[in-house]
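Peer 1: Take a look at the following structure, please.
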Amino acid sequence: MADTAKFTIGDKSVDLPVLKGTVGPDVVDIRKLYAQSDVFTFDPGYTSTASCESKITFIDGDEGILLHRGYPIEQLAEQSTFLEVCYLLLHGELPSATEYANFEHTITYHTMLHEQFDRFFQGFRRDAHPMAIMVGAVGALSAFYHDSTNVEDPTQRLISSHRLIAKMPTIAARAYKYSLGQPFVHPRNDLSYAENFLRMCFSVPAEDWKPNPVLTRAMDRIFILHADHEQNASTSTVRNAGSSGANPFACIAAGIACLWGPAHGGANEECLNMLQEIGTVDKIPEFVKGVKSRDYRLMGFGHRVYKNYDPRAKVMQTTCHEVLKEVGRDDDPLLKVALELERIALSDEYFVSRKLYPNVDFYSGITLRALGFPSEMFTVLFAVARTVGWISQWKEMIDDPNYKISRPRQIYTGSAKRAFVPVSKRG
Ligand code: CMC
């Protein structure tokens, strides 16, 4: 493609540079467009706009490809661990054995929370949604760890990144325990990241959690599958919040708030609710009819970027089978509903013509339920995993000498200037 694109409006003509990424479509650089031609571009939802330059994650939505720092998600899910993927996302390369050991040690030794932080949870109602607790509690980290909130200091940036990755499972497990009315379980340094999380969620003083390598591996893999996904809504929220110089804990809290929505991270909870509502395979045709008449959406299907099978959904489907087999629920009726729904949707003209394929959330709900989590916790687990993506993208932005505060413009369609009318004179 050419190195410049010509933009003409009225009698003005502007040459706009065309930028090239390593892979992916070329990008027309419109930064000077307004100054040179007096017009803005209009792109609500950013369907045609690259909001930043990034070296972290690449998605080819047409081919169903997801790469982290160049490595395919399938290979990472199969051969790596979540903490190794965290290192990769944060630092750009896979760690050496020593780097990995040091990183694992650092994360492990940051998992505890300030004792006073535990009292913070008591302020929430017992029936609070755990995502509501997450938004509040993660935002509150900046009140407890202000020695790592100076965004100008690279060392503090790194420490806050480590703290967030390490403390997120502890906070998430506390949010869960609080809703159950069970005592908090402290992290243990001899356990892996996923083991620690499962134990903090499922141990009670009367009975310790029993390790299960299949379930631990599944948890770790679910974390890997959700670790980063380029400039999605919550990541863009974190970048937007961070662009003003806000501290990383506050920025991640903003990301969590965005993730909560049903069109984003809340979809796994909605998807399981949907499968439960359908209940049995014979109810599917009726349900699909409602989707086609736009009464509701098929949750866990469709994606802004993937117009092909989400590669994470394939790994999640395999993980789902492994977990259900391990817990003796391979005849789970919800799995049958999911498989049949997928079969129908993949051959139905409505879904095929709109390129609607299963996304990562389609099988994650059934899997997480089999691991023992209630549906309110699904988005929380997504937040735990995505924290590394958010913080890596935030760090990349702050490290970029050219970063600017995010400040979109608008097309104004309200009233033009008019004179104020006192209330006594209004009709
Ligand atoms: N069920 C039925 N129809 C759908 C669905 C769906 N899940 N998704 C999109 N469509 C239709 C939509 O009605 C529209 O049809 P038409 O052109 O006839 O009006 C067409 O497909 C394009 O939809 P869109 O809303 O313009 O697409 P989008 O890129 O803005 O939306 C999405 C992407 C993920 C919000 C949407 O597909 C959706 O709501 N899916 C269900 C929720 C879900 O599973 N979200 C998780 C996404 S993956 C995890 C994550 O990133 O958080």
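Peer 1: Output yes when any residue across the stretch 381-403 is among the basic types (Lys, Arg), at pLDDT 95 or above and buried (at least 16 other Cβ atoms within 10 Å of the Cβ), and no when none is.
Peer 2: Yes, the stretch 381-403 contains at least one residue that is among the basic types (Lys, Arg), at pLDDT 95 or above and buried (at least 16 other Cβ atoms within 10 Å of the Cβ).
Peer 1: Within the stretch 269-294, take every residue that is of a type in the set (Lys, Arg) and within 11 Å of the ligand (Cβ to nearest atom) and give me the one that is farthest from Ser353 (Cα to Cα).
Peer 2: My answer is Arg294.
Peer 1: Restricting attention to the stretch 325-355, which residues are of a type in the set (Val, Ile, Thr), more than 25 Å from Asp220 (Cα to Cα) and more than 13 Å from the ligand (Cβ to nearest atom)? Spell out the reasoning first.
Peer 2: Start the filter on the stretch 325-355 by keeping residues that are of a type in the set (Val, Ile, Thr), which leaves 327, 337, 344, 352.
Retained after the next criterion (residues that are more than 25 Å from Asp220 (Cα to Cα)): 337, 344, 352.
Once the filter is applied, which keeps residues that are of a type in the set (Val, Ile, Thr), more than 25 Å from Asp220 (Cα to Cα) and more than 13 Å from the ligand (Cβ to nearest atom), the stretch 325-355 yields only Val337.
Peer 1: State yes or no: is Leu141 hydrophobic (A, V, I, L, M, F, W, C), crowded, with 22+ Cβ neighbours inside 10 Å and more than 19 Å from the chain's Cα centre (by Cα)?
Peer 2: Yes.
Peer 1: Let me ask you something else. Any residue in the stretch 50-70 that is modelled with pLDDT of 95 or more and touching a Pro at 6+ places or on another chain (Cβ under 8 Å)?
Peer 2: Within the stretch 50-70, one or more residues are modelled with pLDDT of 95 or more and touching a Pro at 6+ places or on another chain (Cβ under 8 Å).
Peer 1: I would also like to ask the following. Could you give every pair whose Cβ atoms fall below 9 Å, whose first residue belongs to the stretch 172-185 and is within 17 Å of Asn196 (Cα to Cα), and whose second residue is polar (S, T, N, Q) and in a helix (DSSP H, G or I), counting only separations of at least 6 or pairs across chains?
Peer 2: Ala173/Asn196; Phe184/Thr170
Peer 1: Tell me, which helices (runs of 4 or more DSSP H) lie completely within the stretch 69-120 with 3 or more residues that are in contact with a helix residue (DSSP H, G or I) (Cβ under 8 Å, 6 or more places away or on another chain) and hydrophobic (A, V, I, L, M, F, W, C)?
Peer 2: Numbers: elements: 73-79, 82-91, 97-108.
The helices (runs of 4 or more DSSP H) meeting that bar are 73-79, 82-91.
Peer 1: Could you pull out the residue among Asp399, Asp361 that is under 16 Å from the mean Cα position of the chain (by Cα) and acidic (Asp, Glu)?
Peer 2: Asp361
Peer 1: What about Arg297, is it without any contact (Cβ under 8 Å) to a residue 40 or more places away in the chain, within 13 Å of the ligand (Cβ to nearest atom) and among the basic types (Lys, Arg)? Show your work before the answer.
Peer 2: Working: without any contact (Cβ under 8 Å) to a residue 40 or more places away in the chain: yes; within 13 Å of the ligand (Cβ to nearest atom): yes; among the basic types (Lys, Arg): yes.
So Arg297 fits the description; yes.
Peer 1: Enumerate the pairs (first residue in the stretch 370-387 and within 21 Å of Asp331 (Cβ to Cβ); second residue anywhere and crowded, with 24+ Cβ neighbours inside 10 Å and among the β-branched types (Val, Ile, Thr)) with beta-carbon separation below 7 Å, excluding pairs fewer than 6 apart on the same chain, so at least 6 apart or on different chains.
Peer 2: That search, which allows pairs on different chains as well, returns Ala370/Val323; Leu371/Val323.
Peer 1: Hey, any hits in the stretch 356-364 for a residue that's within 16 Å of the ligand (Cβ to nearest atom), surrounded by fewer than 21 Cβ atoms within 10 Å (Cβ to Cβ) and farther than 27 Å from Pro169 by Cα?
Peer 2: Residues of the stretch 356-364 within 16 Å of the ligand (Cβ to nearest atom): 356-364.
The next check asks that each one be surrounded by fewer than 21 Cβ atoms within 10 Å (Cβ to Cβ); those that pass are 356.
From what's left, farther than 27 Å from Pro169 by Cα: 356.
Within the stretch 356-364, one or more residues are within 16 Å of the ligand (Cβ to nearest atom), surrounded by fewer than 21 Cβ atoms within 10 Å (Cβ to Cβ) and farther than 27 Å from Pro169 by Cα.
Peer 1: Right, another one. So if I check each of Leu275, Leu371, which one is buried (at least 19 other Cβ atoms within 10 Å of the Cβ), out of contact with any Pro (no Cβ under 8 Å at 6 or more places or on another chain) and over 25 Å from Asp228 (Cα atoms)? Full working, then the answer.
Peer 2: Values: Leu371 fails: over 25 Å from Asp228 (Cα atoms).
Only one candidate passes the filter, namely Leu275.
Peer 1: Another question about this same structure. Hey, Ser236 hits all of (1) at pLDDT below 95; (2) part of a helix (DSSP H, G or I); (3) within 14 Å of the ligand (Cβ to nearest atom); (4) surrounded by fewer than 19 Cβ atoms within 10 Å (Cβ to Cβ) but one; which does it fall short on?
Peer 2: (1)
Peer 1: Out of His264, His321, which single residue is more than 8 Å from the ligand (Cβ to nearest atom) and surrounded by fewer than 22 Cβ atoms within 10 Å (Cβ to Cβ)? Give the derivation first.
Peer 2: On the way: His264 fails: more than 8 Å from the ligand (Cβ to nearest atom).
Just a single option satisfies the conditions, and that option is His321.
Peer 1: Find the residue count for the stretch 190-224, including only residues that are crowded, with 19+ Cβ neighbours inside 10 Å, not polar (S, T, N, Q) and not in a helix (DSSP H, G or I).
Peer 2: 0
The values are calculated or read from the model by the stated rules, or taken from the named source; none is laboratory data. Only a predicted model underlies this, so the values are computations on that prediction, with no experimental measurement involved. Here Cβ is always computed from backbone atoms with ideal geometry, including for glycine, and neighbour counts include all displayed protein chains.
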